[in-house]
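Q: Quick one: the structure is below, and I'll ask about it shortly.
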Amino acid sequence: MNGRTHVTLDLNLLLALDVLLEEGSVTGAAARLNTSPPAMSRTLGRIRRLLNDPILVRAGRNLVPTPRALELRDSVHDLVRQAAALLAPPAEPDPATLTRTFSLQASDMLLSALAAPLVSTLGEQAPGVVLRFLPDTLEGTSALRDGRVDLEIGVVDHTDPETRVERLATGHAVGVARRDHPLVTKGPTLQRFADARHIGVSRHGHLQGPIDDLLAAQGLRRSTVATVPSHSMALLLVSRSDLVCIAPAPADDDVTAALGLGIFEIPLNLPEVAVAMAWHPRSDADGAQRWLRDKVREIADSWGG
(Lines give C-alpha, C1' and ligand atoms only; values in the text may rest on other atoms or scores of the structure.)
Protein backbone atom coordinates (compact mmCIF):
# COMPACT_ATOMS: atom_id res chain seq x y z
CA MET A 1 0.00 0.00 0.00
CA ASN A 2 1.29 3.48 -0.79
CA GLY A 3 -0.97 5.28 1.69
CA ARG A 4 -3.14 6.82 -1.03
CA THR A 5 -6.89 6.35 -1.04
CA HIS A 6 -8.17 4.88 -4.31
CA VAL A 7 -11.31 6.69 -5.53
CA THR A 8 -13.41 5.31 -8.37
CA LEU A 9 -14.60 8.17 -10.55
CA ASP A 10 -18.37 8.24 -11.01
CA LEU A 11 -19.60 11.08 -13.21
CA ASN A 12 -23.16 10.37 -12.09
CA LEU A 13 -22.18 11.40 -8.57
CA LEU A 14 -20.74 14.67 -9.89
CA LEU A 15 -23.98 15.36 -11.75
CA ALA A 16 -26.06 14.52 -8.67
CA LEU A 17 -23.87 16.72 -6.46
CA ASP A 18 -24.22 19.62 -8.92
CA VAL A 19 -28.01 19.35 -8.96
CA LEU A 20 -28.25 18.89 -5.19
CA LEU A 21 -26.20 22.02 -4.59
CA GLU A 22 -28.34 23.99 -7.05
CA GLU A 23 -31.68 22.75 -5.70
CA GLY A 24 -30.81 22.55 -2.00
CA SER A 25 -33.43 19.83 -1.88
CA VAL A 26 -33.40 16.06 -2.24
CA THR A 27 -36.92 16.11 -3.66
CA GLY A 28 -36.11 18.86 -6.16
CA ALA A 29 -32.91 17.13 -7.26
CA ALA A 30 -34.78 13.84 -7.68
CA ALA A 31 -37.37 15.53 -9.93
CA ARG A 32 -34.68 17.10 -12.13
CA LEU A 33 -32.80 13.84 -12.51
CA ASN A 34 -35.99 11.82 -13.07
CA THR A 35 -35.46 9.55 -10.09
CA SER A 36 -37.19 8.97 -6.77
CA PRO A 37 -36.49 10.92 -3.55
CA PRO A 38 -35.35 7.72 -1.72
CA ALA A 39 -32.88 6.97 -4.54
CA MET A 40 -31.65 10.57 -4.46
CA SER A 41 -31.25 10.34 -0.69
CA ARG A 42 -29.12 7.20 -1.09
CA THR A 43 -26.98 9.03 -3.68
CA LEU A 44 -26.48 11.90 -1.23
CA GLY A 45 -25.35 9.34 1.31
CA ARG A 46 -22.73 8.02 -1.10
CA ILE A 47 -21.49 11.55 -1.76
CA ARG A 48 -21.23 12.24 1.97
CA ARG A 49 -19.19 9.08 2.54
CA LEU A 50 -16.94 9.81 -0.44
CA LEU A 51 -16.22 13.41 0.62
CA ASN A 52 -16.36 12.72 4.37
CA ASP A 53 -18.63 15.73 4.73
CA PRO A 54 -22.43 16.05 5.22
CA ILE A 55 -22.59 18.45 2.19
CA LEU A 56 -26.22 19.43 2.93
CA VAL A 57 -27.55 19.73 6.47
CA ARG A 58 -31.01 20.38 7.85
CA ALA A 59 -31.82 23.97 8.85
CA GLY A 60 -35.48 24.07 9.81
CA ARG A 61 -37.45 22.77 6.84
CA ASN A 62 -34.62 23.40 4.40
CA LEU A 63 -31.19 21.96 3.60
CA VAL A 64 -28.20 24.28 3.57
CA PRO A 65 -24.71 23.63 2.16
CA THR A 66 -21.73 23.08 4.39
CA PRO A 67 -18.57 25.17 3.94
CA ARG A 68 -17.06 22.22 2.05
CA ALA A 69 -20.06 22.16 -0.29
CA LEU A 70 -19.75 25.89 -0.94
CA GLU A 71 -16.08 25.41 -1.68
CA LEU A 72 -16.84 22.69 -4.24
CA ARG A 73 -19.96 24.18 -5.85
CA ASP A 74 -18.39 26.22 -8.68
CA SER A 75 -15.77 23.59 -9.54
CA VAL A 76 -18.36 20.80 -9.65
CA HIS A 77 -20.64 22.87 -11.88
CA ASP A 78 -17.79 23.63 -14.30
CA LEU A 79 -16.79 19.96 -14.45
CA VAL A 80 -20.33 18.86 -15.20
CA ARG A 81 -20.70 21.52 -17.90
CA GLN A 82 -17.39 20.53 -19.50
CA ALA A 83 -18.30 16.83 -19.44
CA ALA A 84 -21.67 17.59 -21.07
CA ALA A 85 -19.97 19.59 -23.81
CA LEU A 86 -17.37 16.88 -24.34
CA LEU A 87 -19.94 14.12 -24.71
CA ALA A 88 -22.46 16.12 -26.75
CA PRO A 89 -22.82 15.31 -30.46
CA PRO A 90 -20.51 17.55 -32.51
CA ALA A 91 -22.10 20.56 -34.13
CA GLU A 92 -22.23 20.69 -37.90
CA PRO A 93 -19.28 22.73 -39.19
CA ASP A 94 -19.77 26.12 -40.78
CA PRO A 95 -18.00 25.86 -44.17
CA ALA A 96 -17.34 29.61 -44.15
CA THR A 97 -15.15 29.30 -41.04
CA LEU A 98 -13.85 25.76 -41.61
CA THR A 99 -10.06 25.43 -41.64
CA ARG A 100 -8.96 21.99 -42.81
CA THR A 101 -6.72 20.26 -45.32
CA PHE A 102 -8.14 17.24 -47.15
CA SER A 103 -6.23 14.69 -49.21
CA LEU A 104 -8.08 13.27 -52.22
CA GLN A 105 -6.80 10.52 -54.47
CA ALA A 106 -7.98 9.91 -58.04
CA SER A 107 -6.68 9.18 -61.50
CA ASP A 108 -5.63 12.23 -63.49
CA MET A 109 -8.61 11.88 -65.85
CA LEU A 110 -11.07 11.95 -62.98
CA LEU A 111 -9.17 14.75 -61.30
CA SER A 112 -9.63 16.89 -64.40
CA ALA A 113 -13.40 16.40 -64.10
CA LEU A 114 -13.45 16.84 -60.32
CA ALA A 115 -10.79 19.36 -59.33
CA ALA A 116 -12.03 22.50 -61.09
CA PRO A 117 -15.66 22.42 -59.85
CA LEU A 118 -14.59 21.32 -56.37
CA VAL A 119 -11.98 24.07 -56.03
CA SER A 120 -14.54 26.60 -57.31
CA THR A 121 -17.13 25.42 -54.78
CA LEU A 122 -14.64 25.62 -51.92
CA GLY A 123 -13.56 29.10 -53.01
CA GLU A 124 -17.15 30.26 -52.67
CA GLN A 125 -18.26 28.30 -49.62
CA ALA A 126 -15.15 27.27 -47.65
CA PRO A 127 -12.18 29.54 -48.37
CA GLY A 128 -10.24 28.13 -45.42
CA VAL A 129 -10.17 24.59 -46.84
CA VAL A 130 -7.10 23.34 -48.69
CA LEU A 131 -7.23 20.32 -51.03
CA ARG A 132 -4.29 18.01 -51.68
CA PHE A 133 -4.99 16.11 -54.89
CA LEU A 134 -2.91 12.94 -54.99
CA PRO A 135 -2.30 10.63 -57.97
CA ASP A 136 -3.63 7.09 -57.93
CA THR A 137 -0.21 5.63 -57.14
CA LEU A 138 -1.49 4.80 -53.64
CA GLU A 139 -4.13 2.42 -54.99
CA GLY A 140 -4.00 -0.97 -53.31
CA THR A 141 -2.23 0.41 -50.23
CA SER A 142 -3.49 1.11 -46.72
CA ALA A 143 -3.53 4.88 -47.34
CA LEU A 144 -7.17 5.28 -46.27
CA ARG A 145 -6.64 3.20 -43.14
CA ASP A 146 -3.43 5.08 -42.29
CA GLY A 147 -5.01 8.50 -42.79
CA ARG A 148 -2.75 9.50 -45.68
CA VAL A 149 -5.85 9.82 -47.87
CA ASP A 150 -9.22 11.17 -46.72
CA LEU A 151 -11.20 10.29 -49.84
CA GLU A 152 -10.45 8.01 -52.78
CA ILE A 153 -12.41 8.51 -56.00
CA GLY A 154 -12.34 6.15 -58.95
CA VAL A 155 -12.81 2.47 -59.68
CA VAL A 156 -12.58 1.22 -56.10
CA ASP A 157 -11.99 -2.52 -55.99
CA HIS A 158 -9.04 -2.96 -53.67
CA THR A 159 -10.11 -1.57 -50.29
CA ASP A 160 -9.68 -2.88 -46.77
CA PRO A 161 -12.75 -4.76 -45.49
CA GLU A 162 -13.91 -1.94 -43.23
CA THR A 163 -13.72 0.76 -45.91
CA ARG A 164 -16.93 2.58 -46.81
CA VAL A 165 -17.59 2.61 -50.58
CA GLU A 166 -20.36 4.60 -52.30
CA ARG A 167 -21.09 4.53 -56.02
CA LEU A 168 -21.07 7.97 -57.63
CA ALA A 169 -21.57 7.39 -61.35
CA THR A 170 -21.53 4.73 -64.01
CA GLY A 171 -19.87 5.12 -67.39
CA HIS A 172 -17.81 3.32 -69.97
CA ALA A 173 -14.52 3.81 -71.75
CA VAL A 174 -14.47 6.01 -74.86
CA GLY A 175 -12.00 6.57 -77.65
CA VAL A 176 -10.23 9.90 -78.10
CA ALA A 177 -8.57 11.25 -81.24
CA ARG A 178 -8.06 14.53 -83.06
CA ARG A 179 -11.28 16.00 -84.45
CA ASP A 180 -10.11 15.34 -88.02
CA HIS A 181 -9.23 11.71 -87.36
CA PRO A 182 -11.26 9.20 -89.45
CA LEU A 183 -12.53 7.50 -86.29
CA VAL A 184 -14.17 10.82 -85.36
CA THR A 185 -15.20 12.12 -88.79
CA LYS A 186 -16.31 8.84 -90.39
CA GLY A 187 -17.26 6.95 -87.26
CA PRO A 188 -15.65 3.86 -85.77
CA THR A 189 -15.80 0.38 -87.20
CA LEU A 190 -14.14 -2.57 -85.58
CA GLN A 191 -11.58 -2.85 -88.38
CA ARG A 192 -10.91 0.89 -88.46
CA PHE A 193 -10.46 0.91 -84.69
CA ALA A 194 -8.03 -2.02 -84.78
CA ASP A 195 -6.04 -0.49 -87.66
CA ALA A 196 -5.50 2.81 -85.83
CA ARG A 197 -2.22 3.59 -84.09
CA HIS A 198 -2.86 3.47 -80.35
CA ILE A 199 -1.18 4.93 -77.30
CA GLY A 200 -1.70 3.00 -74.09
CA VAL A 201 -1.97 4.31 -70.54
CA SER A 202 -0.32 2.21 -67.86
CA ARG A 203 1.60 3.16 -64.74
CA HIS A 204 3.55 -0.07 -65.17
CA GLY A 205 4.13 0.16 -68.92
CA HIS A 206 1.81 -2.72 -69.88
CA LEU A 207 1.24 -2.99 -73.64
CA GLN A 208 -1.80 -5.30 -73.44
CA GLY A 209 -5.13 -4.93 -71.71
CA PRO A 210 -8.80 -6.02 -71.73
CA ILE A 211 -9.48 -4.29 -75.05
CA ASP A 212 -6.75 -6.38 -76.68
CA ASP A 213 -8.41 -9.53 -75.37
CA LEU A 214 -11.76 -8.47 -76.87
CA LEU A 215 -10.15 -7.69 -80.21
CA ALA A 216 -8.32 -11.04 -80.19
CA ALA A 217 -11.67 -12.78 -79.72
CA GLN A 218 -12.71 -11.13 -83.00
CA GLY A 219 -9.50 -12.21 -84.71
CA LEU A 220 -8.07 -8.67 -84.65
CA ARG A 221 -5.08 -7.00 -83.14
CA ARG A 222 -4.37 -3.34 -82.57
CA SER A 223 -1.02 -1.60 -82.82
CA THR A 224 0.04 0.08 -79.56
CA VAL A 225 3.03 2.21 -80.46
CA ALA A 226 3.73 3.65 -76.99
CA THR A 227 2.54 3.69 -73.40
CA VAL A 228 2.55 6.60 -70.98
CA PRO A 229 1.82 6.60 -67.24
CA SER A 230 -1.08 9.09 -67.29
CA HIS A 231 -4.14 9.97 -69.35
CA SER A 232 -3.21 13.65 -69.43
CA MET A 233 0.06 12.83 -71.17
CA ALA A 234 -1.78 10.51 -73.55
CA LEU A 235 -4.23 13.27 -74.49
CA LEU A 236 -1.39 15.70 -75.20
CA LEU A 237 0.30 13.18 -77.49
CA VAL A 238 -2.98 12.42 -79.26
CA SER A 239 -3.58 16.14 -79.85
CA ARG A 240 -0.24 16.36 -81.72
CA SER A 241 -0.43 13.15 -83.74
CA ASP A 242 -2.70 10.68 -85.51
CA LEU A 243 -2.71 8.44 -82.44
CA VAL A 244 -5.82 7.39 -80.53
CA CYS A 245 -6.20 6.55 -76.85
CA ILE A 246 -8.80 5.15 -74.50
CA ALA A 247 -10.20 7.42 -71.80
CA PRO A 248 -12.33 6.31 -68.86
CA ALA A 249 -15.75 7.86 -68.41
CA PRO A 250 -16.69 10.26 -67.05
CA ALA A 251 -14.12 12.09 -69.18
CA ASP A 252 -13.78 15.85 -68.94
CA ASP A 253 -15.27 17.24 -72.17
CA ASP A 254 -13.73 20.66 -71.50
CA VAL A 255 -10.22 19.20 -71.52
CA THR A 256 -10.71 17.24 -74.74
CA ALA A 257 -12.35 20.25 -76.41
CA ALA A 258 -9.52 22.56 -75.34
CA LEU A 259 -7.00 20.19 -76.96
CA GLY A 260 -8.96 19.97 -80.18
CA LEU A 261 -9.93 16.34 -79.59
CA GLY A 262 -13.04 14.39 -80.43
CA ILE A 263 -14.62 11.44 -78.64
CA PHE A 264 -15.91 8.31 -80.34
CA GLU A 265 -17.60 5.16 -79.14
CA ILE A 266 -15.44 2.05 -79.06
CA PRO A 267 -17.06 -0.65 -81.25
CA LEU A 268 -16.69 -3.36 -78.64
CA ASN A 269 -18.98 -4.72 -75.95
CA LEU A 270 -17.19 -3.07 -73.04
CA PRO A 271 -18.37 -3.47 -69.45
CA GLU A 272 -19.64 -0.43 -67.61
CA VAL A 273 -17.26 1.29 -65.25
CA ALA A 274 -18.55 2.18 -61.79
CA VAL A 275 -16.95 5.28 -60.30
CA ALA A 276 -17.14 5.37 -56.52
CA MET A 277 -15.71 7.19 -53.54
CA ALA A 278 -14.21 5.43 -50.56
CA TRP A 279 -13.34 6.57 -47.06
CA HIS A 280 -12.36 5.06 -43.74
CA PRO A 281 -15.18 4.64 -41.17
CA ARG A 282 -13.34 6.78 -38.62
CA SER A 283 -14.48 9.81 -40.65
CA ASP A 284 -18.16 8.78 -40.71
CA ALA A 285 -19.06 11.17 -37.90
CA ASP A 286 -16.67 13.96 -38.90
CA GLY A 287 -18.93 16.81 -39.98
CA ALA A 288 -16.27 18.43 -42.15
CA GLN A 289 -15.62 15.21 -44.05
CA ARG A 290 -19.35 14.60 -44.44
CA TRP A 291 -19.64 18.06 -45.96
CA LEU A 292 -16.78 17.31 -48.38
CA ARG A 293 -18.43 14.04 -49.45
CA ASP A 294 -21.66 15.95 -50.11
CA LYS A 295 -19.78 18.34 -52.41
CA VAL A 296 -18.24 15.43 -54.32
CA ARG A 297 -21.70 13.84 -54.71
CA GLU A 298 -23.08 17.07 -56.16
CA ILE A 299 -20.30 17.20 -58.74
CA ALA A 300 -20.72 13.52 -59.61
CA ASP A 301 -24.42 14.12 -60.23
CA SER A 302 -23.44 16.48 -63.04
CA TRP A 303 -21.54 13.65 -64.76
CA GLY A 304 -24.84 12.06 -65.64
CA GLY A 305 -23.85 8.59 -64.42
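Q: Going toward the positive end of the dipole of segment 135-233, with +1 on Lys and Arg Cβ and -1 on Asp and Glu Cβ, which of His172, Gly187, Gln218 do you reach last?
A: Gly187
Q: With angles folded into 0 to 90 degrees, how steeply does helix 37-51 sit against the dominant principal axis of the chain? Use alpha carbons for both and round to 10.
A: The angle comes out near 90 degrees.
Q: With a Förster radius of 25 Å, plug the Cβ-Cβ distance of Ala59 and Ala31 into 1/(1 + (r/R0)^6) and report the FRET value to the nearest 0.05. Each step should come with its number before you reach the end.
A: Working: r = 21 Å, r/R0 = 0.84.
The value I calculate is 0.75.
Q: Amide H neighbours of Val149 under 5 Å, counting only residues 5+ apart in sequence or on other chains, H built in-plane at 1.01 Å?
A: Answer set, sorted by chain and number: Leu144.
Q: Given the whole protein assembly as supplied and a 1.4 Å probe, what does the accessible area of His77 come to in Å², nearest 10?
A: The value for His77 is about 80 Å².
Q: While we're on this one: At R0 = 35 Å, how high is the FRET efficiency between Asp286 and Asp78 if r is their beta carbon distance? Nearest 0.05 is fine.
A: Details: r = 28 Å, r/R0 = 0.79.
Computed FRET efficiency for Asp286 and Asp78: 0.80.
Q: What is the packing order of peptides 54-64, 286-296, taking the mean over residues of other C-beta atoms within 10 Å and listing the highest first?
A: Values: 54-64: 12.8, 286-296: 17.6.
Taking the mean over residues of other Cβ atoms within 10 Å, the ranking is 286-296, 54-64.
Q: Using a 1.4 angstrom probe and counting only protein chains, how large is the accessible area of Leu122 in Å², to 10?
A: The accessible area of Leu122 comes to roughly 10 Å².
Q: Between Arg297 and Ala216, what is the spin-label point distance in nm, taking each point 7 Å from the Cα along the Cα→C-beta axis?
A: Label-label distance for Arg297 and Ala216, simple model: 4.2 nm.
Q: Label Val273 and Asp157 with points 7 Å out from Cα along Cα→Cβ: what is the distance between them in nm?
A: Rounded to a tenth, the inter-label distance reads 1.2 nm.
Q: If you don't mind, there's one more thing I want to ask. If one computes the Cα centroid of segment 150-193 and of segment 94-127, what distance in Å separates the two points?
A: Measuring centre to centre over Cα atoms gives 22 Å.
Q: Follow-up question, since we're still on this one. GNM, the chain, Cα, under 10 Å: largest mean-square fluctuation among Ala143, Ala194, Ala85?
A: Taking springs between Cα atoms under 10 Å, the residue moving most is Ala85.
Q: Which angle from 0 to 90°, rounded to the nearest 10, does the C-alpha axis of helix 67-87 make with the longest principal axis of the chain?
A: Taking Cα atoms only, the helix is inclined about 20 degrees.
Q: Compute the acute angle (0 to 90°) between the alpha-carbon long axis of helix 11-23 and the principal axis of greatest extent of the alpha-carbon atoms of the chain; round to the nearest 10°.
A: Result, in degrees: 50.
Q: Answer rounded, prolate or oblate for segment 169-277, using the Cα gyration tensor with square roots of eigenvalues a ≥ b ≥ c: rounded when a/c is under 1.5, else prolate when a/b is larger than b/c, else oblate.
A: Details: a/c = 1.23, a/b = 1.07, b/c = 1.15.
Here segment 169-277 falls in the rounded category.
The values are calculated or read from the model by the stated rules, or taken from the named source; none is laboratory data. What you see is a predicted model; the values in this text were computed from it and never measured. So basically every Cβ, Gly included, is an ideal-geometry build from the backbone, and we count neighbours across all protein chains shown. Just the protein is used for accessible areas: all its heavy atoms, side chains included, with ligands, DNA and RNA removed. Shrake-Rupley method; radii C 1.70, N 1.55, O 1.52, S 1.80 Å.
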